[in-house]
Amino acid sequence: MAKNHAAGIGRSSFVRHGKLRRSNSWTNAMRIFLTAAIVVALSGVATVAYAVWGLVQDVRTVDLGNEASAELVGAGSQSFDGPLTILLVGSDTRAGQSYQDGEEGELNDVNLMLHVSADHKNATVVSFPRDLMVPFPSCPGPDGEEGYYSAMSEQQLNSAMMYGGLPCVARVISELTGMEIPNAGLITFDGVIGVSNALGGVDVCLTQPIVDPATELDLPAGNVTLQGREALQFLRTRHGVGDGGDTSRISNQQVFMSALVRKLQSSETLSDPVKVYSLAKAGVDNMTLSSNMASVQFMQQVAGTVKDIDLDRINFVQYPTFTHPYEQGRLTPDRASADALFQVIQSGQPFEVTGVGKGVDDAAAGDAAAEVDPNTGLPIDPATGLPIDPATGWPIDPATGWPIDPATGTPTDPATIAPAAEGPVQLPSNITGQPASKQTCSGGRTVY
């Protein structure tokens, strides 16, 4: 790792603890906006691209203090040289929003980091729980004054907006992960509502109803289409899923995010310039970007960087945590697992997440490969009904016991088969998440 996790604890720091209001978390709408921008760049519709240029001119910006200079580029086929990292932050402010419930102030209740590997073959979105207690570095003041807010040995992550705004959130996440964060964006409630409306809704499945009076959410079991305020409330709910905790809320959001990405990549969205423009406008109208991101050139570079990433190489993962030892209802980092996660992310190796979060019912997704042959204990190939050879991934011929070569359809002596290429790295089981290609269902609850 590039940074020592304990570095902030040894310096002159102090602990500030304040009463933070209840969770009003919402979504990863910045991720939605970036994907919409990518769609714009890839659509090839000149009128839409021109219109988005006009939108970008009006977007609000902030200086992080470490931005790389925006490089002017040409067509959307061009890309960044090397990896791409963007911090995606959700603000819960009610100021100027159509959604009002009497709450005041502003917290960073959704914190996501998008990282694209240097070879542009893997994309990872890491969710950081709002209830995570971590060291804070010193943060700049309202006008960028360095050291305006003192370093703190431990503070709740979602209070970073109070101690230096978006630049402070970026510094906290950078120190926590050991990764440089030169790009960041922040979006509000109305952006979530606008984006879901522009898409015509996002389809998710529920294994049982979600009834959450705190967010006024009442959804039936089965397949539902989430749009507008209902989409916002689905992404905010924590009492209505899993064990009612922050980590359940995040895994519930990942059900939505994976469904969202699948819809954004569908021809239904890509071929509709009006829908593409509406997506981009919904994002830009409700966003603040780091100054280097506010250009069509940046969007074009992002598009060129991610355009060839397969759905099964886009992963949503949750930062690993333990229950905090003395702060009730709070979390503390699982440093060992986090180091393993970010070492794999920075290496650019493909990886697999083996565990799902508490807000997800993985079995309800109907994974056919989960059926097991009672005689061998091996998973069954749904196409042939035969057990699958673990060494080759081919079905096993019942007469010879040899794997069947899919290219020839004939049983093949295992001794003559070249070893399969090394597969993806498997992350520790306590790191949960899912690939964008996989459908999972929300594990809603009605009993508290």
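The values are calculated or read from the model by the stated rules, or taken from the named source; none is laboratory data. Please read these numbers as outputs of a predicted model, since none were measured by experiment. Positions of Cβ are backbone-derived with ideal geometry, glycine not excepted, and every protein chain shown enters the neighbour counts. We work out accessible area using only protein heavy atoms, side chains counted, and drop any ligands, DNA or RNA first. Shrake-Rupley method; radii C 1.70, N 1.55, O 1.52, S 1.80 Å.
Annotation note: Cβ proximity below 9 Å between a residue of the range 382-404 that is more than 22 Å from Ala418 (Cβ to Cβ) and a residue that is at pLDDT below 90 and not in a strand (DSSP E or B) (sequence gap 6+ or interchain) occurs for Pro382/Ala368; Pro382/Ala369; Pro382/Glu371; Pro398/Leu386.
All conditions but one from (1) open to solvent by less than 10 Å² (accessible area, probe 1.4 Å); (2) farther than 23 Å from Leu166 by Cα; (3) aromatic (Phe, Trp, Tyr) apply to Phe316; the one that does not is (2). In the range 280-303, how many are part of a helix (DSSP H, G or I) and either free of Cβ contacts under 8 Å to residues at least 40 places away in the same chain or not small (Gly, Ala, Ser) (or both)? Selection size over the range 280-303: 11.
Here is a yes/no grid of residues against (1) open to solvent by 20 Å² or more (accessible area, probe 1.4 Å); (2) small (Gly, Ala, Ser); (3) at pLDDT below 90; (4) not in a strand (DSSP E or B):
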| position | (1), (2), (3), (4) |
| --- | --- |
| Gly76 | no, yes, yes, yes |
| Gly90 | no, yes, yes, no |
| Asp109 | no, no, yes, no |
| Ala160 | no, yes, no, yes |
| Leu166 | no, no, no, yes |
| Val169 | no, no, no, yes |
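Have a look at Ile250, Ile193 and point out the one that is crowded, with 22+ Cβ neighbours inside 10 Å, in a helix (DSSP H, G or I), under 16 Å from the mean Cα position of the chain (by Cα) and among the β-branched types (Val, Ile, Thr).
Answer to the selection: Ile250.
So that you can scan it fast, the table gives a plain yes or no per residue for (1) assigned to a helix (DSSP H, G or I); (2) at pLDDT 75 or above; (3) open to solvent by 30 Å² or more (accessible area, probe 1.4 Å); (4) touching a Leu at 6+ places or on another chain (Cβ under 6 Å):
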residue: Thr305; (1), (2), (3), (4): yes, yes, no, yes
residue: Asp308; (1), (2), (3), (4): no, yes, yes, no
residue: Asp312; (1), (2), (3), (4): yes, yes, yes, no
residue: Pro325; (1), (2), (3), (4): no, yes, yes, no
residue: Ser337; (1), (2), (3), (4): yes, yes, no, no
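Among what's in the range 367-388 and is in a loop (DSSP other than H, G, I, E, B) and open to solvent by 60 Å² or more (accessible area, probe 1.4 Å), pick the residue that is modelled with the lowest pLDDT. Per the stated criteria, the residue is Asp367.
Filtered by the rule that a residue be of a type in the set (Gly, Ala, Ser) and in contact with a helix residue (DSSP H, G or I) (Cβ under 7 Å, 6 or more places away or on another chain), the range 202-240 gives Gly228, Ala231. The condition (being within 20 Å of the chain's Cα centre (by Cα), among the small types (Gly, Ala, Ser), over 30 Å from Asp131 (Cβ atoms) and modelled with pLDDT under 80) is satisfied by just one residue among Ala294, Ala280: Ala280.
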